[in-house]
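Engineer: For reference, the structure I am asking about is given below.
The values are calculated or read from the model by the stated rules, or taken from the named source; none is laboratory data. It should be emphasised that the depicted structure is a prediction, and the values quoted were computed from it without experimental measurement. Quick reminder, even Gly has a Cβ in these numbers, built from the backbone with ideal geometry, and neighbours come from all protein chains shown.
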């Protein structure tokens, strides 16, 4: 019907933000690289870290150009660009140029990789959280820890789980993190009509099934659950239940990571659940292609009742419901609140809800450009991590705060209490802080992108070609092992 | 005397060829050599060192799933776009090949798709078949979100885009059919169908053969439409060879990418030659 | 030749109907693009995707132009195209002249080698060429965008065909008049072959303007995007207001559409050269 159709255009934006969501990669033993060095003030830096040329910027004669590569879209991209403009206007030593390198993180990484041989790299890259191992192995990163040490700053003000997640041998590599988490979004009115408690999101796979069956039986939605077949769907579940995906302590060990180990009962159970839900007509699967917005559309058209997506989508989803109908010049008319009522809750899991991974994006500084550029990048990142900027990044970019003080900021507090999207973000933040197991934050894999491709291929063949779940998992695992082997083999 | 003149002429000739030769050498033949070189080696992760793999890498990649899948998809794309493109072009040309007032307008319309680039055609078709809000989004046969139909949807954009080109060329071919022959046939009692199959088609065959080769080459080079419409998805069902090659530019995959590129080169060459030879026998020259 | 001069009036009307129907089918995609470009996306979806524009935003083209930064992109495309077409004309004219009028050792072999390059499109040579251009630090630059395309065997072939058609007598006469090669080329060969050359120029223009794969490989800064690449980034970054992306596509198509209408004859001649034996 008409009202819900209006959501269509708005929710496209949300889909883009889904690019920012992702599963976590755990820190792993890999080549951390670097050499011993001393900070400007003479104190020794943590072993093996290269020095950070903090002072170089001060000596620069003319404004320094800092190039930032990213792969964000929609409202998040807008916010990023606005922030960059604000920074450029606020000082005259650094001019930041942000370049969108393609709607998908994969493309961003490919372009970055292609530039490594000739050191033709940007100064900053906002890559996917899963890229940690690769970035460290590439030897092109200036660890943030070096700069923190050089300036006598500590990581205490940052979300500890995230810091642990992105640290190698105790050294934090990215200078900042765009944090996000997965939430379950559901249609409250569908729940009401199916005599389900509208304030309770489904918490387990079994619950999702029974709720879906109820909704379907009541004739409210033909296929109540809609899920984008992305790898992090499986990753989150496995990590939440402390199931390793690769050997070498899920990539964190001191040895070499050599193979995928997710060919097990838990993964098969998840795959089976997906296939059974689909075969029983309870689930609409949506392929994970670029700019995929099918699941949002279905929720908007109320042809589906339950989905899972990134917390970064919260603002866009709320933009509709909250009556903010004028986005970018589009006049969507008066909102009919009665028709569409979304709720969000912790992401459902195999045995319980809220099992999460650290996800989103990270900001890496590169070390291949002149000292003055590295210094300028660091200056920009310091500004980015200031509470004011983090507040904006939360309120408008919809990312969860990396700087813990942001949570206490009155603007954020009000937002998280009074605003619908804010409340969802609060749920996501709690889930991140409490639900992510600090000892098991997710796998760390060098060729993470290939692992995800293997997983996605497995899910696609499971759902579209009706492959046996165990076989699909086994194939995905084999492909992952092959990718890891190739990655290790190419280390000469 | 004649000798020096000949030498001078040769020198002038070579001088005139040098500009093109330099470009061809640097950007056509050197890359060919480079592809073979890359195909024989494996780069390390950061592209700072390479290791000799030998000819076995060629065998591995060419029989590997990446290449065979890419080839299968590229060939499917050719099959989806070429015959349909030819037939539709012929139909349009036949329809417009008559004296009517205002026929020029119709001809301009039919030729107009030649003005759209692949990028424009892709965006235009995105309007029609994107799974969320496309006008034909409910036509399952062309759905971009189903791995079994996505390639068809993309192919449709190519077919439409090629209409202008095929129309223009076939029309010119039709107009080259001598009046006397057609009139004689009509007088002999040949109906329109018979005229077409017995006379027009044979006379048109060189043109059609030329077009067939062109369309096949276009189809093998398909990249932009996939890049814009599906990014290779869903489930990799639209990843043509060129798409895979484009995404193999990073150090780790340069070796296999190079082999795939050479594979594409050989396949295109082979198909073009095969077409020439096979169809040339069926082409009717003269009367 | 037209095979049917229709006598019966009803037959004529049948054909008008058929032709109109076919025209509508051919134009339908562009028409729908226009409809979607003008309509407000949310309202359009709400109305059930009709075939006419709803809640028309007449300023969408201006907005697309601005949001997508289309002006600079059109300019970049124009500069790249002019460079490529000019260079191709020069190199092809020279090479065609040599092959058509001059005798020299290995002429046949060299011609075959030149033609062989037609089998090596940029899609095949992409990886090494990108490496070369990156090595020369020419990513995001005009040389980077144009170098691999400064010469083309297609042009050599086409223009050589044209030159071969020049009567021997003309050649001999100008020799008697003391014309050197360049003078003959400039004063006689080119003017006489102007139609063929013009046709080639139009084809070359189209090919250069429509390029996608190569710019996509070597451009990483939005300031250097050509209009074709720009289409993808505009569409991707405005997915929530996709009418902007559609409007951008129409803007991108306009220059060539104008060319098609103005230079139809040359275009057709160039496309049909070598295709039609008649």
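Engineer: Return the residues of region B:43-78 that are surrounded by 19 or more Cβ atoms within 10 Å (Cβ to Cβ) and either modelled with pLDDT of 95 or more or part of a helix (DSSP H, G or I) (or both); say none if nothing qualifies.
Structural biologist: B:57, B:58, B:61, B:66, B:67, B:70, B:71, B:73, B:74, B:77, B:78 - these are the residues of region B:43-78 that are surrounded by 19 or more Cβ atoms within 10 Å (Cβ to Cβ) and either modelled with pLDDT of 95 or more or part of a helix (DSSP H, G or I) (or both).
Engineer: Here's something else I'd like to know. With the checklist (1) closer than 19 Å to residue C:90 by Cβ; (2) within 12 Å of another protein chain (Cβ to nearest Cβ) in hand, flag the one item residue C:126 doesn't pass.
Structural biologist: Failed condition: (1).
Engineer: Restricted to region C:100-110, and to residues that are free of Cβ contacts under 8 Å to residues at least 40 places away in the same chain and more than 9 Å from chain B (Cβ to nearest Cβ), which residue is surrounded by the most Cβ atoms within 10 Å (Cβ to Cβ)?
Structural biologist: Here the answer is C:106.
Engineer: Residue check, residue A:471 against (1) under 19 Å from residue B:44 (Cα atoms); (2) more than 9 Å from every other protein chain (Cβ to nearest Cβ); (3) surrounded by fewer than 18 Cβ atoms within 10 Å (Cβ to Cβ); (4) free of Cβ contacts under 8 Å to residues at least 60 places away in the same chain, all met but one. Which one?
Structural biologist: Of the numbered conditions (1) under 19 Å from residue B:44 (Cα atoms); (2) more than 9 Å from every other protein chain (Cβ to nearest Cβ); (3) surrounded by fewer than 18 Cβ atoms within 10 Å (Cβ to Cβ); (4) free of Cβ contacts under 8 Å to residues at least 60 places away in the same chain, the odd one out for residue A:471 is (1).
Engineer: Further question on the same structure: With respect to residue A:482, is the statement that it is in the same structural domain as residue A:353 (by TED's automatic domain parsing), over 30 Å from residue A:136 (Cβ atoms) and surrounded by fewer than 16 Cβ atoms within 10 Å (Cβ to Cβ) true?
Structural biologist: Criteria not met by residue A:482.
Quick grid of which residues meet (1) in the same structural domain as residue A:68 (by TED's automatic domain parsing); (2) surrounded by 20 or more Cβ atoms within 10 Å (Cβ to Cβ); (3) farther than 30 Å from residue A:193 by Cα:
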{"residue": "A:346", "(1), (2), (3)": "no, yes, no"}
{"residue": "A:350", "(1), (2), (3)": "no, no, no"}
{"residue": "A:411", "(1), (2), (3)": "yes, no, yes"}
{"residue": "A:435", "(1), (2), (3)": "no, yes, yes"}
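Engineer: Sticking with this one: Quick test for you: out of C:46, C:63, pick the one residue that is within 13 Å of chain B (Cβ to nearest Cβ) and under 25 Å from residue C:30 (Cβ atoms).
Structural biologist: Selected residue: C:46, the only one of C:46, C:63 that is within 13 Å of chain B (Cβ to nearest Cβ) and under 25 Å from residue C:30 (Cβ atoms).
Engineer: Surrounded by fewer than 21 Cβ atoms within 10 Å (Cβ to Cβ) and in the same structural domain as residue B:270 (by TED's automatic domain parsing): does that describe residue B:139?
Structural biologist: Yes.
Engineer: Next question, about the same structure. Condition check: within 30 Å of residue B:265 (Cβ to Cβ) and over 14 Å from the mean Cα position of the chain (by Cα). Does residue B:230 satisfy that?
Structural biologist: yes
Engineer: State yes or no: is residue B:109 within 18 Å of residue A:289 (Cβ to Cβ), under 23 Å from the mean Cα position of the chain (by Cα), at the interface with another protein chain (Cβ under 7 Å from one of its Cβ atoms) and modelled with pLDDT of 85 or more?
Structural biologist: Judged against the criteria, residue B:109 is not a match.
Residue-by-condition table, conditions (1) under 30 Å from residue B:196 (Cβ atoms); (2) in contact with a helix residue (DSSP H, G or I) (Cβ under 6 Å, 6 or more places away or on another chain); (3) in the same structural domain as residue B:182 (by TED's automatic domain parsing):
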{"site": "B:36", "(1), (2), (3)": "no, no, no"}
{"site": "B:78", "(1), (2), (3)": "yes, yes, yes"}
{"site": "B:81", "(1), (2), (3)": "yes, yes, yes"}
{"site": "B:90", "(1), (2), (3)": "yes, yes, yes"}
{"site": "B:103", "(1), (2), (3)": "yes, no, yes"}
{"site": "B:115", "(1), (2), (3)": "yes, yes, yes"}
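So that you can scan it fast, the table gives a plain yes or no per residue for (1) more than 30 Å from residue A:478 (Cβ to Cβ); (2) touching a strand residue (DSSP E or B) at 6+ places or on another chain (Cβ under 9 Å):
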{"residue": "A:160", "(1), (2)": "yes, no"}
{"residue": "A:174", "(1), (2)": "yes, yes"}
{"residue": "A:177", "(1), (2)": "yes, yes"}
{"residue": "A:186", "(1), (2)": "yes, yes"}
{"residue": "A:210", "(1), (2)": "yes, no"}
{"residue": "A:213", "(1), (2)": "yes, no"}
{"residue": "A:220", "(1), (2)": "yes, yes"}
{"residue": "A:248", "(1), (2)": "no, no"}
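Engineer: Could you tell me which of the residues B:86, B:32, B:17 is part of a helix (DSSP H, G or I), more than 14 Å from chain A (Cβ to nearest Cβ), over 24 Å from residue C:95 (Cα atoms) and out of contact with any strand residue (DSSP E or B) (no Cβ under 6 Å at 6 or more places or on another chain)?
Structural biologist: Result of the check over B:86, B:32, B:17: B:86.
Per-residue answers, yes or no, for (1) within 22 Å of residue B:216 (Cα to Cα); (2) facing chain B (nearest Cβ under 7 Å):
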position: C:119; (1), (2): yes, yes
position: C:130; (1), (2): no, yes
position: C:138; (1), (2): no, no
position: C:150; (1), (2): no, yes
position: C:153; (1), (2): yes, no
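Engineer: Name the residues in region A:386-397 that are assigned to a loop (DSSP other than H, G, I, E, B) and surrounded by fewer than 22 Cβ atoms within 10 Å (Cβ to Cβ), would you?
Structural biologist: Within region A:386-397, A:386, A:396 qualify.
Engineer: Pick out the one residue from B:204, B:163, B:151 that is assigned to a helix (DSSP H, G or I), buried (at least 20 other Cβ atoms within 10 Å of the Cβ) and within 8 Å of chain C (Cβ to nearest Cβ).
Structural biologist: Of the residues listed, the single one that is assigned to a helix (DSSP H, G or I), buried (at least 20 other Cβ atoms within 10 Å of the Cβ) and within 8 Å of chain C (Cβ to nearest Cβ) is B:163.
Engineer: Within the group A:29, A:22, which residue is over 30 Å from residue B:130 (Cα atoms), modelled with pLDDT under 50 and surrounded by 17 or more Cβ atoms within 10 Å (Cβ to Cβ)?
Structural biologist: Unique residue meeting the criteria: A:29.
Every residue, every condition in (1) more than 9 Å from every other protein chain (Cβ to nearest Cβ); (2) in a helix (DSSP H, G or I); (3) at pLDDT below 95, yes or no:
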{"position": "A:79", "(1), (2), (3)": "yes, yes, yes"}
{"position": "A:83", "(1), (2), (3)": "yes, yes, no"}
{"position": "A:97", "(1), (2), (3)": "no, no, no"}
{"position": "A:103", "(1), (2), (3)": "no, no, yes"}
{"position": "A:120", "(1), (2), (3)": "no, no, yes"}
{"position": "A:137", "(1), (2), (3)": "no, yes, yes"}
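Engineer: Taking residue B:81 as meeting all but one of (1) modelled with pLDDT under 95; (2) farther than 30 Å from residue B:255 by Cα; (3) more than 7 Å from every other protein chain (Cβ to nearest Cβ); (4) assigned to a helix (DSSP H, G or I), write down the number of the exception.
Structural biologist: Status for residue B:81: all satisfied but (1).
Engineer: So which residues in region B:170-185 are within 8 Å of another protein chain (Cβ to nearest Cβ), free of Cβ contacts under 8 Å to residues at least 60 places away in the same chain and assigned to a helix (DSSP H, G or I)?
Structural biologist: Within region B:170-185, B:172, B:179, B:182 meet the criteria.
Engineer: Considering only residues of region B:236-254 that are closer than 12 Å to residue B:61 by Cβ and facing chain A (nearest Cβ under 10 Å), which is nearest to the chain's Cα centre (by Cα)?
Structural biologist: The extreme case among them is B:248.
Engineer: Across region C:219-243, what is the total count of residues that are assigned to a helix (DSSP H, G or I) and within 11 Å of chain B (Cβ to nearest Cβ)?
Structural biologist: The qualifying residues number 13.
Engineer: Further question on the same structure: Just the residues that are more than 7 Å from every other protein chain (Cβ to nearest Cβ) and either touching a helix residue (DSSP H, G or I) at 6+ places or on another chain (Cβ under 8 Å) or within 28 Å of residue C:147 (Cα to Cα) (or both), please, taken from region B:44-57.
Structural biologist: B:50, B:53, B:57
Engineer: When you look at residue A:277, is it more than 14 Å from chain B (Cβ to nearest Cβ) and in contact with a strand residue (DSSP E or B) (Cβ under 8 Å, 6 or more places away or on another chain), yes or no?
Structural biologist: Yes; evaluated as a whole, the condition is true for this residue.
Per-residue answers, yes or no, for (1) modelled with pLDDT of 90 or more; (2) farther than 27 Å from residue B:162 by Cα:
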{"site": "C:120", "(1), (2)": "yes, no"}
{"site": "C:128", "(1), (2)": "yes, yes"}
{"site": "C:132", "(1), (2)": "yes, yes"}
{"site": "C:171", "(1), (2)": "no, yes"}
{"site": "C:197", "(1), (2)": "yes, no"}
{"site": "C:208", "(1), (2)": "yes, no"}
